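Let me begin by presenting the structure, written as C-alpha cells, before commenting on it.
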Number of protein chains: 2
Amino acid sequence: MERMMTAGDQSPSDRKSVVGVIGLGSMGGGMATALMRAGFEVVGCDVSSELVGKLIAAGGRSAGSPAEAASGADVVISVVVNAAQTESVLFGENGAASAMRPGTVFVSCATMSPEIARQLGARLEATGRHYLDAPISGGAARAAQGELTVLASGSAAAFDAARPALDAMAARLYELGDAPGTGAAFKMINQLLAGVHIAAACEAMTFAAKQNLDLAKVYEVITASAGNSWMFENRMPHVLAGDYRPLSAIEIFVKDLGIIQDMARSERYPAPLAAAALQMYLAAAGVGMGKDDDASLARLYAQLSGATLPES
Amino acid sequence: MERMMTAGDQSPSDRKSVVGVIGLGSMGGGMATALMRAGFEVVGCDVSSELVGKLIAAGGRSAGSPAEAASGADVVISVVVNAAQTESVLFGENGAASAMRPGTVFVSCATMSPEIARQLGARLEATGRHYLDAPISGGAARAAQGELTVLASGSAAAFDAARPALDAMAARLYELGDAPGTGAAFKMINQLLAGVHIAAACEAMTFAAKQNLDLAKVYEVITASAGNSWMFENRMPHVLAGDYRPLSAIEIFVKDLGIIQDMARSERYPAPLAAAALQMYLAAAGVGMGKDDDASLARLYAQLSGATLPES
C-alpha cells in the first residue's frame, strides 16, 4: 500500500493501474512491455538482475521480492515455469499472497496440473484474494505485442479484477470455467498435442533425410498437405537451417509431457503417443540437448539412425 | 488401338484423348468425373458393377478388365488400394501392361513403399511403356473437383505423357524426382504424420472427455492454438458428432503405418511415434472397428479408459 501511495502525484481516480509481474523472462518480460504500452504501471521482479535492468530501461519499476511487487498492485501476474515456482511465489519467503490487498487478483500463467492449480487457488482464495488460473500460449514475440492466447478459469470476481490487464496482454481470452483447474486442463490438452507433434515432425523429417529426400521440398509438400501441423510448420525451419538455439527448450516438454503422464496414470488413462514422445524428449535431454531448442529431437533421430541433417 | 479407331467419327486430330481409369471407388470415381468435365473420354473398370454403372451414367464407358481399359488409352490411371493390387492391375491376368500402346504412360496412385514403386516402374518401363509414381492426397470431394494434390516422380517422358490428365485432376502437381520411388517416399512421410496426428488427436480429445471438459470448447481452443494439426481440425468433428461412418477407414492406417514400420525396420530407423500409433490402429481393428472411420481411435481410447464421448 505504501508503495502505491508514493507512486506519483496522481489522484486516486486518475492514477495508473499497477500490475506486479513476477518472472521477467521471454514471456513475462514481453507481457510487461505490452502492459506498459497499454498504460499500466509495471512493478517487476526476477532472480536475474539483468532482466530487472531491462524492465527499468523500458520504464518499469523493480521490486526485490514477490511480496514487494504485490504490495501495491491491483493485479499480480506470475509468469514462472512450473507449479513449484508458483507456490514459492505465492506462499514462500517474501511471497506475494499475504502482501496482496484483499480483493485483488493473482493471475497464474505457469503450465501445471489441474489438481495443483485447484489447490493453489483454494489456498489463496481462503485468504480473501482472488486466483485466476490463466496459462498462456503464443511465444515471446506475441507476448510483447499483447497478442497472447490465454486459457483462463476462475470466479467472476477473479475475471473482473484481471480483465483490464488481460485485455492488454491477450489477443484471445478464453473463459473456460468458474474455478481454477479448467484453464490448466485445457493447456495440458494443448501441450499433449504440441509435444507429440514436434516429436512426430522430427521423426518424419529425419526419416526423409535418411532416404535422401530434398528436405526443403518435404517442408513445402507437407505444409500444403494433410500431414501438416502448427508445430511442423513452426519448428521444421529450425531443422532446415540447422539452428538449434533455444526458442523453446527440450526441457519444457520433459516437464509438460511428464505432467501429462502423471495425470494420465492417476486417472487410469492410457496415452501411448504422449508416452512415446516423452521418451524421446528424455533421451534428448539425456544426451545433453536439454537446454537446446525442442526441434533438437531431429538431431537425436539422426544420431540414432545415421541420417544426415543440414548444419548451420 | 482398335477401340480407339472405333471410338467415334472424329478425325485423329480432333478426337478426345482417352484415359483408362482402373478403380472407380471414391477417389477413382471422382477423378473420372473431373477428367470427363475437362473433356477427356474415360474408359473405366472396377470389380464393382455398381461403380461401373455410375461411370456409365456419368457419361463414361466401361471396360471388363484392366487390359480392355488400357488398350485404347492415351493415359492409364490406376487408383487402387495398395502395391499388390497395382501389380495385379499391371501384370496379372488381363493386366494393363501388355495392352498399353508403347509410349503411353501408366499413372500409379496407390500408396506403397518406394522400393516397390521402383520395382513396378522398372518392370513396366522395360516393355517400352512409361510409369509415373503419383500418389495422391486430398479426399473424395477434391478428387471430383479436380483439385487433388499429386506427389509425382518419373521420367520426363512419363510426365509429358501424363501432364494433360494430371492438370485436369490436380490443383497441385509436385514434380519430385526423375524416377519412380520418390513420389512414394514423399507420400509415406505425409502418411507417417497423418497417422500419428489422428491418433494424437483422438488421444487428446478423449483425455479431455475423461476430465469432463467441454469438447466443443476444446475443439475451438485447440484449432486456434499451437496444438493444432490438419488432422485434428478435419477429424475431430466426427468425434464431436459421434459419427464414425467411414470417410477414411482405420484399415488404411493399419496398412500405411505398417509400410512405414517395414521401411523403417529395413533402414534401421527407429520410429517410436509411428509405432505407437500403429498399435492403436491395430487395436481398433482388433476390436472390430477396422472398416469404421479412422476417428474411431477416440472410441477405442474411451473403451480403454471409461471416458464418455458424444453419441450420434
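The values are calculated or read from the model by the stated rules, or taken from the named source; none is laboratory data. Since the structure is predicted, the reported quantities are computational estimates derived from the model, not experimental observations. When we count neighbours, we look across all protein chains shown, and the Cβ atoms used for this are built from the backbone with ideal geometry, even at glycine.
Apart from one condition, A:Val150 fits all of (1) in contact with an Asp or Glu (Cβ under 8 Å, 6 or more places away or on another chain); (2) free of Cβ contacts under 8 Å to residues at least 60 places away in the same chain; the exception is (1).
Just to be sure, is A:Gly146 in a loop (DSSP other than H, G, I, E, B) and over 21 Å from A:Ala34 (Cα atoms)? Answer is no for this residue.
With the structure loaded, tell me whether B:Leu300 is in contact (Cβ under 8 Å) with a residue 60 or more places away in the chain and within 12 Å of another protein chain (Cβ to nearest Cβ) or whether it fails that test. Spelling it out, B:Leu300 is indeed in contact (Cβ under 8 Å) with a residue 60 or more places away in the chain and within 12 Å of another protein chain (Cβ to nearest Cβ).
Checking the stated criteria, B:Gly95 turns out not to satisfy the condition of being more than 30 Å from A:Ala194 (Cβ to Cβ), within 11 Å of another protein chain (Cβ to nearest Cβ) and at pLDDT 95 or above.
The set of residues from the range A:17-44 being surrounded by 20 or more Cβ atoms within 10 Å (Cβ to Cβ) and more than 17 Å from A:Ala144 (Cα to Cα) comprises just one member, A:Val18.
Taking the criterion of being buried (at least 24 other Cβ atoms within 10 Å of the Cβ) and under 14 Å from B:Leu176 (Cβ atoms), the only residue of the range B:109-119 that qualifies is B:Ala117.
In the range A:11-33, the residues that are in the same structural domain as A:Leu166 (by TED's automatic domain parsing) and among the charged types (D, E, K, R) reach residues that are at pLDDT 95 or above and not in a strand (DSSP E or B) with C-beta atoms within less than 9 angstrom, at least six apart or across chains, in these pairs: A:Lys16/A:Gly39; A:Lys16/A:Phe40.
I'd like the residue in the range A:120-141 that is without any contact (Cβ under 8 Å) to a residue 40 or more places away in the chain and not β-branched (Val, Ile, Thr) and, out of all such residues, is surrounded by the most Cβ atoms within 10 Å (Cβ to Cβ).
A:His130
Of everything in the range B:120-139 that's in a helix (DSSP H, G or I) and away from chain A (no Cβ under 13 Å), which residue is nearest to B:Tyr174 (Cα to Cα)? Selected residue: B:Gly121. Of the residues making up the range B:202-219, those that are free of Cβ contacts under 8 Å to residues at least 40 places away in the same chain, at the interface with chain A (Cβ under 8 Å from one of its Cβ atoms) and within 31 Å of the chain's Cα centre (by Cα) number 2.
Would you tally the residues in the range A:164-183 being among the aliphatic types (A, V, I, L, M), more than 10 Å from every other protein chain (Cβ to nearest Cβ) and under 25 Å from A:Leu35 (Cβ atoms)?
Matching residues across the range A:164-183 total 6.
With a requirement of 3 or more residues that are more than 24 Å from the chain's Cα centre (by Cα), modelled with pLDDT of 95 or more and crowded, with 19+ Cβ neighbours inside 10 Å, the helices (runs of 4 or more DSSP H) lying completely within the range A:242-312 that satisfy it span A:297-305. Assess whether B:Met231 counts as being touching a residue at least 24 places away in the same chain (Cβ under 8 Å), crowded, with 17+ Cβ neighbours inside 10 Å and more than 25 Å from B:Gly25 (Cα to Cα). It is false that B:Met231 is touching a residue at least 24 places away in the same chain (Cβ under 8 Å), crowded, with 17+ Cβ neighbours inside 10 Å and more than 25 Å from B:Gly25 (Cα to Cα).
Put simply, of B:Leu193, B:Leu173 the only residue that is farther than 17 Å from B:Arg299 by Cα and either part of a helix (DSSP H, G or I) or among the β-branched types (Val, Ile, Thr) (or both) is B:Leu193.
Residues that are out of contact with any Pro (no Cβ under 7 Å at 6 or more places or on another chain) and not in a helix (DSSP H, G or I) do not occur anywhere in the range A:198-210.
The condition of being within 11 Å of another protein chain (Cβ to nearest Cβ) and more than 30 Å from B:Pro180 (Cβ to Cβ) holds for A:Met188. When the residues of the range A:220-257 are filtered to those that are among the hydroxyl-bearing types (Ser, Thr, Tyr) and either in contact with a strand residue (DSSP E or B) (Cβ under 8 Å, 6 or more places away or on another chain) or at the interface with chain B (Cβ under 8 Å from one of its Cβ atoms) (or both), the one that is nearest to A:Leu193 (Cα to Cα) is A:Ser229.
Among the residues of the range B:211-221, those that are part of a helix (DSSP H, G or I) and farther than 20 Å from B:Ala284 by Cβ comprise B:Ala216, B:Lys217, B:Val218, B:Tyr219, B:Glu220, B:Val221.
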